[in-house]
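Asks: After the structure tokens below, expect a handful of questions from me.
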Amino acid sequence: MIMSVGVIGEMVDYSKFYQRLKEGKSQLTERLEQLRARRQPLGERREGSPFGKREEEASEAFELEKRLALEKKLRNTLAEIDYALGKYEAGTYGLCDSCGQAIEQDRLEALPQANLCLRCKARQTKDAKGAR
Ligand SMILES: [Zn+2]
């Protein structure tokens, strides 16, 4: 495998992104721990006013749903970060998974765990239209 960093010949310092990924990972792990810890007491609150009960249950279910959605999102991001960290270890960080070109610096600034360049991402999004 050819590991060229930067197509235009410029050497890019990816260590700052590595740092940000590490930080992002520990933050995400922490948040997931918190979400998991908060899930416990749910269901214990059986009593309540007889009138507000149904409403309360509905909002609890909604809360739970929201929390699960958030947890799923965090987990996905965590997986992306892990993947990007793995690429960094392998020396392929910053390269597009699809076409092998260097991913735009601006894009990495905004999303250090990006694994596709803008063009491939746009194509993928277009292909997957309607899927989400
Ligand atoms: Zn690409």
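The values are calculated or read from the model by the stated rules, or taken from the named source; none is laboratory data. Being a predicted model, the structure only gives us computed values, none of them experimental. Ideal geometry is used to build each Cβ from the backbone, glycine not excepted, and the neighbour counts take in all protein chains shown. Accessible surface is based on the protein model in full, side chains and every heavy atom, while ligands, DNA and RNA are left aside. Shrake-Rupley method; radii C 1.70, N 1.55, O 1.52, S 1.80 Å.
Asks: Which pairs do you get when a residue that is open to solvent by 40 Å² or more (accessible area, probe 1.4 Å) and among the hydroxyl-bearing types (Ser, Thr, Tyr), found in the range 97-125, comes within reach of a residue that is at pLDDT 95 or above and near the ligand (Cβ under 10 Å from one of its atoms), reach meaning Cβ atoms under 6 angstrom, with the pair 6+ apart or on two chains?
Replies: What qualifies is SER98/LEU116; SER98/CYS120.
Quick grid of which residues meet (1) in a helix (DSSP H, G or I); (2) modelled with pLDDT under 90; (3) in contact with a Phe, Trp or Tyr (Cβ under 8 Å, 6 or more places away or on another chain):
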position: PRO41; (1), (2), (3): no, yes, no
position: PRO50; (1), (2), (3): no, yes, no
position: ALA114; (1), (2), (3): no, no, no
position: ALA122; (1), (2), (3): yes, no, no
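Asks: While we're looking at this one, here's another question. Since ASN115 meets every condition but one in (1) under 19 Å from the mean Cα position of the chain (by Cα); (2) more than 16 Å from the ligand (Cβ to nearest atom); (3) among the polar types (S, T, N, Q), which condition does it not meet?
Replies: All conditions pass for ASN115, except number (2).
Asks: Across the range 85-101, what is the number of residues that are more than 9 Å from the ligand (Cβ to nearest atom) and among the small types (Gly, Ala, Ser)?
Replies: Residues meeting the conditions: 4.
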